[in-house]
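Some notes on the structure that comes next.
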Amino acid sequence: MMGLASYLIISLILFVVGLVIILSRKNIVAILLGIELVLNAAALNFVAYSRYVTNNLDGHVFSLFIIAIAAAESAIGLAIVIRFFQIKETIHIDEATQLRN
Amino acid sequence: MFIELLFLTSALLTVGSAIGAAVTRNIMHSCVFLLGSLLGIAGLYATLGADFVAVSQIMVYVGGVVILMLFAVMLTGGKDFVSRAQNLLGLAPAMGNKWTYTIGLLTALVVVLTNVKLITNVVKAYPAKVIGNDFPSTVNQIGHLLVKEHVLAFELSSVLLLGALVGAAIIARPRRQG
Amino acid sequence: MEYTVGNIAPIFLAPVIAFVINAFFGRKLPRQGDWLATLSIFISFIFSARIFGDFVFGTFATDHFIHKTFTWFDLSHGANIWKVNMGVYIDNMTAIMLLMVSGVAFLIHLFSTWYMDHDEKHGRFFTFLPLFTSAMLGMVMSDNLFALFCFWEVMGFCSYSLIGIYVKKEAAGDASLKAFMTTRIGDVFLLLGIVALWMVLGSVAYVDIYAAIAEGKFAGQTVIGISLATFTALCIFLGAMGKSAQFPLHVWLPDAMMGPTPGSALIHAATMVTAGVWVSLRMYPLMVLGDITWFIAVIGAITAFGAATVAMVQTDIKAVLAYSTLSQLGYMIIGVGVGSYNAAFMHVITHAVFKACLFLSAGSIIHTVHEQEMPKLGGLRKYMPYTHFAMMACTLAIAGIPFFSGFVSKDRILGDALYFGFMSGQNPLLAIVPILGFAGAGLTAFYMFRMMFLTFYGENRMGHHDAHGEDHHGDHHHGHEIHHEHLDARQNVPLLILAIFTLGFWFAGSLTGQGIVKVFGEKTEWFKVLVEAPKVERFVNHPREAWGSTDTRVKTELTKARYDHQTGYAGPNPDEHKIHTAHVIGAIASIIIAALGVLIAFLMYIKKSIKPLATRFPGYTEVLRNKYYFDNFYIDVLIKKGLLGFNRFLSWFDMGIFDRYAVDGAAAVNRVLFKASKWFDNVVVDAVGVDGTGVAVNLFNLVLRIIQSGKIQFYFVMLVVVLASYIWTVNI
Amino acid sequence: MNGILNWILWLPIIGMVGVILTPKAKENTIRMVTLVTTFITMVLSVLLYVKFDTTTADMQFVTKIPWISQFHINYFIGIDGITMLMTFLNALLFFICTLSSWTVEKNVKAYFALLLMLQSTVFGVFFSLDFFLFYVYWEVMLLPMFFLIGIWGGENREYAAVKFFLYTFFGSIFMLVGIVALYFVSGQGADSFNILALQGGKFVNETVVIFGKSFSFETIFFWFMFLGFAIKVPVFPFHTWLPHAHVQAPTAVSVILAGVLLKMGSYGFLRIAFPIFPQAASDASTIIAVLGLISVIYGAFCAMAQDDMKKLIAYSSVSHMGFVMLGLAAMTTQGMNGAVLQMFNHGTSTAMMFLMVGVLYERSHHRWIVRPDGSKGYGGLATKLPKYTTIYIIGLFASLGLPGLSGFISEALIFLGIYEKFTTITVIAVVGLLLGAAYLLWMFKRMFFGEVNPDIEKYEDMNAREVFYMIPLCICVIVFGIFPSPLLNVMKASVGQLVDLLSKY
């Protein structure tokens, strides 16, 4: 039951769910939430491979960096959301059109 | 046996919460489901013998990111919490409607098919390897790795975090209109 | 005589230096540098006169030439040799032309210092005039078509600048634009011809082209289905048509009279417009090889006759002269076409002298009385005796009265045309050439004397109108108070000098022009002897000198020869008898016709016993006044015809724009096309093709449109799809 | 000695740092720093010209330092004859543009910093001999350009900036694919990113399998590169970004855009597309020539229809760059030399035209030759602004190819070059010369002749600064029109080498 394949499948499910959230939601916070899931799927893959394939700890280190960067990213992202909300009074993604044309 | 139980519960928690987060139409609920999913992942890390990563996961995500998200949801005034009906400008509902979900699921299908293909290859390449239940502590080794081999990335990520911190503060700072 | 850089280059460089100095410091010089320009032309004149003396007064034989070259730039690399050589090519024709150009230009500069005095454009005028003169001298001296083209265009630029010199007049802008663009049509063809010759023969030096003709290098070469010789000859002649204002491209020359009169005299009468004739003469062997001489003759005949008819009804004194220039250029082109090489070139020279003088006389009149409408002039003979004398001499010359230069040159052209049209066994339709030629000659006599009679004879009509009461110069020559003309070194001495050279014997060597009463004794008929169509065989392996080297060739004595229009003096021509007959008939006929023309003019305008044209043939006069509706045809009809067709097609999207231009006649028919392409560019390619929301016809549209939609999620979908398709196709 | 080139490349960056360190309020200091930097760069480029060895076609002043050694990416720069001309042009135009930008008031510091950054990146594109470095500079160049148009542009600036960016980016994506493909095909060895080592038709026999079908490697990737460079030139179907960008960009940026950036496209053909894929280039020459011809004629027709001065000159750029493409397609000594010379000459003459438009715009704040309501935008300028008119005439006639000014020789060489290969195209292309004269002189007539328009009564003639920065261009246009040898001698060895290579295919 516990093999590389099962971890990969869990990671795939997480990734797909994150992707569905990103693609189907128009709420910026929700999109960020989806991104977190996608990142976690990737990190999980790293650790799984690290255990079952390479047998060293580089995967762990990498997932630690992913965690760090995801934290930074969500901090910035959420700050932008707040700022965006102050300007636009909404956090609907389709309103973010300042750069178009 | 304990490990397998832990794996099972963690996996169910992870997948179930993730799907819940995707399905629910309330952003608050979504965040809480995310919390569950992240906890499940921490459990999965534990089953892989990645104790340090699991703890970091709980501390950073559960303690930091999700809380931050909840704050953001609240700070944005509670609007768009739940699925809006068709509103001004004819925008799609904030938490998605059947069209957006259709697109999302179609894309997901593509991704799943693609990945299944990849995973089968991977599984063929690395046939199931029985790993003993020995879980030595990784903290010591990770510490060495971080300050020796990966020291540049480590330092850079610290700078990045600092920059993100300051940047986030500057961006989110309310400005006087005028 | 040795020729080095030192005694050839100043001819060209002296006016260039004057141009540069006047262009930068003209305003600071006394009299805005007009003396400098005049002086520089005089220096050119001195050096030209020396060359003329060497070549003409018996030092060299007919086929002698100086050819010095230098490399302008060099694109050789490795074994691939390709150089652009420039050089000086001086033969008898060049020597004569140099003297004529620098001499006439000097006199016109001298006159201009009087004419342009106190004019607001004085400085600018004396900047462009030396530049023009240098370009003309350079063109005459250059040894290849490419250099000729360069100077040709610079002359066009000077012409453009001088026509448009009075920038405040809208009409000056129109006229200058028209002049430049019309000649440019010919120019691009000339360039095309040069390019074709260059790439096939490897050189465009005259001597190399002659050698190539002699060696038969043209045989079998074709360009887009036409033989190379015909194609290049036609291209070069089209260039000549533009510059020499021949029939379909003639419309610019009358308008070019917007410029100051001395400028018109130099550029649009004496020199620049003869550049076309010059290049046709230089490339005469090519024209013969390409078999387009009949075409040249017909074009010349149409121009000669058509312009003469229009000149009959013009009332502006400069317009009459402009159309007479057109007509005379037509005669030169006839001369080229019918093989009258020598006489065509002689007409270039004689015409330059008398037409420059006529224009200067007109300038003298205009500047004195401030009026150029002939019906408002009259009786000026008493007030302006010197101008009258000069103008009368020139009128006699242009009208083809015996003893004057025009008779000599034009009569020979007409004699050859007669032979060409009736006796040489050509296509009988080509008889049109001599018929139109002779008719034009009669008209020339008529309209020139009409001009003389209206201007200088009869009662003074100046009192009948308010002749520019205020004039900004502070002069007081107007109304009945025209002051009596004094002999002035700058006003009328140049005219009188030119008038002296309207006598025929200077050119013909004999008083009558037919070799009967000889004036020059031994060197009789120098012009006939020295100028002849190039004999191409002589140029195979011709000598060429680098700039630094001196001329070491053995000089041969001048060889005497009899005039013979097709084979030169190579031997007895079986047709010589016929040609001689044609010339005799031609001479007699042209004397009669000219006399008839003068007589009619006399009866019509002095005796008033014949009703003037306008009352006799009102309909035809109207046609003539409108210049055969050429301007209207080019501007209004072509545009409007083209426009209406396009309008129906395009009106659904933009009616107003086209409507506006339908009324405006300034643009050419191209305007319609331009508008269409603008629309095409903005609406179809740009808006629909790139920005348009229309169906995604091609990937490019699709990608741009999607990126521009700003929907980040769609972006994601595309990303995923692309990645997935990558994985599926790569087959990991 | 090799140091000069590095100095030229990095001096603008040093200047940019200087500008950034200067306090924002000291606007004149900022301008002076920029001016001094560009001036020294120009002096260095003249020095480079003096030291340049014209006898060889090899790269000179070469610097090669490993950068990312895992992928064999080097900091590898050097110049040959073609680049030498472009270097000089770039240095000259930026110096002039700095002077002409003296009147920019909005956010001076950022403007000059971006201008200097742009200069350095453009130098980088021209100097790079490493493919990766080339691509980096090619892309980085977009950044300052995007902001310069997007911030200091006209009323519709964002649209123009985004359009410019996307168009170029679209092209460079294809170029990137080509670079990666070359990297793999050439064996990922030490010279896989070395432009010089890739040259010479080494991939003639390579094939590439796409969707199971086999294609000629050369053909596929030549067209990929073609797309990237053709958009930059721009060649006919890809030209629509140019009028927008030109109309919206501030004067100096228009000058740089027309004067230097367009040349990057044709430079790409000369340095990359042709020598690396000679077989495909030689096969494609007819198509390139036809596209060039369409650009010439179509650009001229479009220019004729414009009422906006800048748009007119923008379309004239399309037309003139069409001549460059014709010359490149000829692949003969005359045509190639003519094309490179035309690149330089178009740089100077179009720069003059855009600068003159800028000078007038500062006085009138509009660019209408004929206003939308049909009235004249100007009229009688020749009476009112004599100095301006004189310089304008020089630029105008240089643009339309009057012999004695620079444009003529290059156009004549191009015609000579294409005649043998594409006779029919030559016959049609000469019409472009005619149209070129028509639209320029017609514009001149509508603006400068006639009664003085009451609007322009208050305009002042060009001041000393404006005259000063026009003088170098006037000298270039006149001197190189009469003596083209200084330019031709520099480039003919390099061009000859390329012609020799192409003539084998």
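The values are calculated or read from the model by the stated rules, or taken from the named source; none is laboratory data. Since the structure is predicted, the reported quantities are computational estimates derived from the model, not experimental observations. All Cβ positions, even for glycine, are placed from backbone atoms using ideal geometry, and neighbour counts span all protein chains on display.
Taking the criterion of being over 16 Å from the mean Cα position of the chain (by Cα) and among the hydroxyl-bearing types (Ser, Thr, Tyr), no residue of the range D:301-317 qualifies. Within the range D:448-465, can one find any residue that is facing another protein chain (nearest Cβ under 10 Å) and part of a helix (DSSP H, G or I)? Scanning the range D:448-465 turns up at least one residue that is facing another protein chain (nearest Cβ under 10 Å) and part of a helix (DSSP H, G or I).
Restricted to the range C:182-198, and to residues there that are at the interface with another protein chain (Cβ under 7 Å from one of its Cβ atoms) and in contact (Cβ under 8 Å) with a residue 12 or more places away in the chain, the residue that is nearest to D:THR390 (Cα to Cα) is C:ARG184.
C:GLY202: more than 10 Å from chain D (Cβ to nearest Cβ) and free of Cβ contacts under 8 Å to residues at least 24 places away in the same chain, yes or no? For C:GLY202, the condition - more than 10 Å from chain D (Cβ to nearest Cβ) and free of Cβ contacts under 8 Å to residues at least 24 places away in the same chain - is met.
Going through A:SER11, A:SER6, A:SER50, A:SER63 one at a time, which residue ends up being at the interface with chain B (Cβ under 7 Å from one of its Cβ atoms) and assigned to a helix (DSSP H, G or I)? When all the criteria are applied, what remains is A:SER63.
Under the condition of being small (Gly, Ala, Ser) and under 18 Å from B:ILE142 (Cα atoms), the residues counted in the range B:34-63 number 6.
Taking the criterion of being among the hydroxyl-bearing types (Ser, Thr, Tyr) and under 11 Å from C:PRO130 (Cβ atoms), the residues of the range C:5-58 that qualify are C:THR38, C:SER40, C:SER44.
Exactly one residue out of A:GLY18, A:GLY34 is touching a Leu at 6+ places or on another chain (Cβ under 6 Å) and either within 21 Å of B:LEU106 (Cβ to Cβ) or within 7 Å of chain B (Cβ to nearest Cβ) (or both): that is A:GLY18. Screening D:LEU176, D:LEU129, D:LEU142 for residues that are touching a residue at least 60 places away in the same chain (Cβ under 8 Å) and more than 14 Å from chain A (Cβ to nearest Cβ) leaves exactly one candidate, D:LEU129.
Considering the range D:203-239, and only residues there that are among the polar types (S, T, N, Q) and not in a helix (DSSP H, G or I), the residue that is nearest to D:ALA314 (Cα to Cα) turns out to be D:SER216.
The set of residues from the range B:11-23 being more than 9 Å from chain A (Cβ to nearest Cβ) and in contact (Cβ under 8 Å) with a residue 12 or more places away in the chain comprises B:LEU12, B:LEU13, B:GLY16, B:SER17, B:GLY20. Working only within the range C:415-461, note down all residues that are surrounded by 21 or more Cβ atoms within 10 Å (Cβ to Cβ), over 26 Å from the mean Cα position of the chain (by Cα) and hydrophobic (A, V, I, L, M, F, W, C). Across the range C:415-461, the qualifying residues are C:LEU454, C:PHE456. In the range C:206-257, which residue that is under 30 Å from C:ALA356 (Cβ atoms) and assigned to a loop (DSSP other than H, G, I, E, B) is farthest from the chain's Cα centre (by Cα)? Of everything passing the filter in the range C:206-257, C:VAL251 is farthest from the chain's Cα centre (by Cα).
Checked against the criterion of being surrounded by fewer than 23 Cβ atoms within 10 Å (Cβ to Cβ), more than 23 Å from the chain's Cα centre (by Cα) and among the aromatic types (Phe, Trp, Tyr), the candidates D:PHE88, D:PHE71, D:PHE52 yield just one match: D:PHE71. Total residues in the range C:58-104 satisfying the condition of being touching a residue at least 60 places away in the same chain (Cβ under 8 Å) and either over 29 Å from C:ILE267 (Cα atoms) or within 14 Å of chain D (Cβ to nearest Cβ) (or both): the figure is 11. Taken over the range C:482-498, the residue count meeting the criterion of being buried (at least 24 other Cβ atoms within 10 Å of the Cβ) and not in a loop (DSSP other than H, G, I, E, B) is 3. When the range D:419-441 is limited to residues that are at the interface with another protein chain (Cβ under 8 Å from one of its Cβ atoms) and closer than 17 Å to C:THR222 by Cα, the one that is surrounded by the most Cβ atoms within 10 Å (Cβ to Cβ) turns out to be D:THR426. Would you check if there is a residue in the range C:35-48 being assigned by TED's automatic domain parsing to the domain that holds C:PHE126, in a loop (DSSP other than H, G, I, E, B) and either over 25 Å from the mean Cα position of the chain (by Cα) or surrounded by fewer than 17 Cβ atoms within 10 Å (Cβ to Cβ) (or both)? No, every residue in the range C:35-48 fails to be assigned by TED's automatic domain parsing to the domain that holds C:PHE126, in a loop (DSSP other than H, G, I, E, B) and either over 25 Å from the mean Cα position of the chain (by Cα) or surrounded by fewer than 17 Cβ atoms within 10 Å (Cβ to Cβ) (or both). Note on the range C:162-176: among residues that are part of a helix (DSSP H, G or I) and not β-branched (Val, Ile, Thr), the one that is farthest from the other protein chains (Cβ to nearest Cβ) is C:LEU162.
When B:GLY49, B:GLY43, B:GLY36 are checked against the criterion of being on the phi > 0 side of the Ramachandran plot and either out of contact with any Pro (no Cβ under 7 Å at 6 or more places or on another chain) or within 10 Å of another protein chain (Cβ to nearest Cβ) (or both), B:GLY49 stands alone in meeting it.
The set of residues from the range C:90-127 being within 22 Å of C:ALA275 (Cβ to Cβ), of a type in the set (A, V, I, L, M) and touching an Asp or Glu at 6+ places or on another chain (Cβ under 8 Å) comprises just one member, C:ALA95. Out of A:ALA72, A:ALA43, one residue alone is within 7 Å of chain B (Cβ to nearest Cβ) and either part of a helix (DSSP H, G or I) or of a type outside the set (S, T, N, Q) (or both). It is A:ALA72. Checking the range C:106-115 against the condition returns no match, with no residue being within 17 Å of the chain's Cα centre (by Cα), assigned by TED's automatic domain parsing to the domain that holds C:ALA533 and modelled with pLDDT of 90 or more.
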